[in-house]
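The structure appears below as structure tokens.
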Amino acid sequence: MKKIIILLSVGLIFSFIIVSCSSMEDKIVGKWQHVLIVGQSPQGSDSLDMTQYPPTYNVFREDGTLQIYNSQQEENVRYLIRDNKLYSFKLGKTDTAIMDIKKLTKDELILQVKFREDSQRTESLYYKKVK
């Protein structure tokens, strides 16, 4: 009886982890417009309203590909989500961009990035979902 309870508990926890991860990946799929950048450092904060410029979009696809484009250029990369972090990378390249997912709803995405480990500056990237 004790083994059955333990096995059921482990199965329930494992199922919850799978559902939680897949729901985050399901929410991120779609077209997102970059609307704001907020920089934070010990010296203070600053912001940049991205809606004042030609739009930049991130298109996350179900197959793990990410298309980033604006009026001047387009970049295609792969992505994956693990432990509330978004990893994006190009196949055959050594560098991987790692961003914390601070908020992800059906309409809003906030990513936070630290460009160098020795830097105390972070930038929060705000996106809205395009219908």
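The values are calculated or read from the model by the stated rules, or taken from the named source; none is laboratory data. Note that the structure is predicted; figures quoted are calculated from it, not measured. Cβ placement follows ideal geometry from the backbone for every residue including glycine, while neighbour counts extend to all protein chains displayed.
Can you tell which of 13, 68, 18 is under 29 Å from residue 131 (Cβ atoms), at pLDDT below 95 and over 11 Å from the mean Cα position of the chain (by Cα)?
Selected residue: 18, the only one of 13, 68, 18 that is under 29 Å from residue 131 (Cβ atoms), at pLDDT below 95 and over 11 Å from the mean Cα position of the chain (by Cα).
What's the number of the only condition in (1) over 25 Å from residue 121 (Cα atoms); (2) at pLDDT below 95; (3) surrounded by 11 or more Cβ atoms within 10 Å (Cβ to Cβ) that residue 41 fails to meet?
Residue 41 satisfies all of (1) over 25 Å from residue 121 (Cα atoms); (2) at pLDDT below 95; (3) surrounded by 11 or more Cβ atoms within 10 Å (Cβ to Cβ) except (1).
Starting from residues that are part of a strand (DSSP E or B) and among the acidic types (Asp, Glu), keep the ones in the range 55-80 and report whichever is surrounded by the fewest Cβ atoms within 10 Å (Cβ to Cβ).
Selected residue: 74.
Mind listing whichever residues of the range 110-131 are of a type in the set (Ser, Thr, Tyr) and touching a strand residue (DSSP E or B) at 6+ places or on another chain (Cβ under 6 Å)? Show your work before the answer.
Step one: of the range 110-131, the residues of a type in the set (Ser, Thr, Tyr) are 119, 122, 124, 126-127.
Listed by number, the residues that qualify are 122, 124, 126, 127.
Any residue in the range 98-105 that is polar (S, T, N, Q) and over 16 Å from residue 59 (Cβ atoms)?
yes
What are the pairs, 6+ residues apart or on separate chains, where a residue within the range 91-109 that is within 21 Å of residue 75 (Cβ to Cβ) has its Cβ under 7 Å from a residue that is modelled with pLDDT under 90 and among the charged types (D, E, K, R)?
none
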